[in-house]
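Single-structure report; data block below.
The values are calculated or read from the model by the stated rules, or taken from the named source; none is laboratory data. These figures come from a predicted structure and were not determined experimentally. Glycine gets a Cβ as well: all are built from the backbone with ideal geometry, and neighbour counts include every protein chain shown. For accessibility, only protein heavy atoms count, side chains too; no ligands or nucleic acids. Shrake-Rupley method; radii C 1.70, N 1.55, O 1.52, S 1.80 Å.
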Amino acid sequence: MKKRLFIILFLAISLVVASHAQQHDKDDIIISLNDSTKIRGVLLKSWFITGKLNREFLMKLSDGSERWFNSSEVDSIIFVHNNDKWAAHDIKDKRWFMKCGPSTDNAEILTYYMYAPSNITRRPILADLRFTHALRIKGDSEIYPFYYQMGLGFNLKWIKKSLKTKYPGLFEYINDYLKQNKDLKNTFYEHPDYFLQVYEDFLKNNEDLLESNQE
């Protein structure tokens with residue numbers, strides 16, 4: 001009887017330790033600073049914090065100390081357990097942490113999150129998060145948001161001028177493409193990579209622009 005009780009207690013303790021270790025692994029991150037310095041530690045408070053949204057996070061370092069990091073000093077963040085990557089980019093004079101999504105040699109999808117509504121007084125929860133999908137083109141520091149979960153859906157209004165100036169024909173190509181594939185823009189919510197494919201198709205029809213981007 002005592003032996004059986006000991007085995008049960010041992011198994012219970014082992015499960016708790018294993019569960020704690022697994023959770024710890026999920027919080028392990030490696031950050032790359034703007035000067036290419038890499039730091040590994042444990043994420044204590046993510047950048048989804050009221051008042052510090054998408055711009056700061058708290059990390060426990062290998063020496064046991066704790067330190068806040070700001071998006072102004074961080075280039076990228078990698079979660080060790082699943083290799084998810086986040087990177088810091090500028091949108092409208094504010095530097096956000098954005099999740100790195102599907103990519104090609106020419107561009108990538110970035111997704112940044114915010115809490116809604118903005119007047120939350122309680123502690124935010126995951127259900128309060130709203131996202132925006134954006135396109136980042138290789139060699140271009142500007143980010144191009146195209147899908148807004150919070151109300152607007154697919155919308156190129158705020159990037160229309162930049163697209164027309166920097167990439168002649170791209171805005172018109174996207175509009176024509178979506179006229180021929182009317183249901184496609186409704187899929188960008190779950191499949192922002194489809195918008196990336198539209199850009200790739202544009203490049204195939206404008207090889208001179210592709211060559212200039214690769215220089």
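For M114, the solvent-accessible surface computed with a 1.4 Å probe is close to 50 Å², ligands and nucleic acids excluded.
Near N54, the amide H atoms lying under 5 Å from its own belong to F48, I49; only residues 5 or more places off or on other chains count, and H is placed 1.01 Å from N. Legend: distances between Cα atoms for K38/K85; K99/K182; K92/K157; K92/K161; K99/K164; pairs beyond 18 Å are K99/K182; K99/K164. Here the Karplus curve 6.51 cos²θ - 1.76 cosθ + 1.60, taken at θ = phi - 60°, turns the phi angles of the range 161-175 into couplings of 5, 5, 4, 5, 6, 7, 10, x, x, 5, 4, 5, 5, 4, 4 Hz, with x standing for Gly and Pro. Placing pseudo-labels 7 Å out from each Cα toward the beta carbon at D201 and K92 gives an inter-label distance of 3.0 nm. Between I39 and S141, the simple label model (points 7 Å from Cα in the Cβ direction) yields a spacing of 2.4 nm. Looking at the range 130-199, the trypsin sites (Lys or Arg not before Pro) that sit in a DSSP loop and have at most 14 other Cβ atoms within 10 Å of their own Cβ are K138, K157, K182. Under 20 Å from a label point set 7 Å out along the Cα-to-Cβ vector of Y194, the amide N atoms of the range 135-161 belong to 135-136, 144-157.
The alpha carbons of the range 41-110 occupy a box of 41, 29, 19 Å along the principal axes, longest dimension given first.
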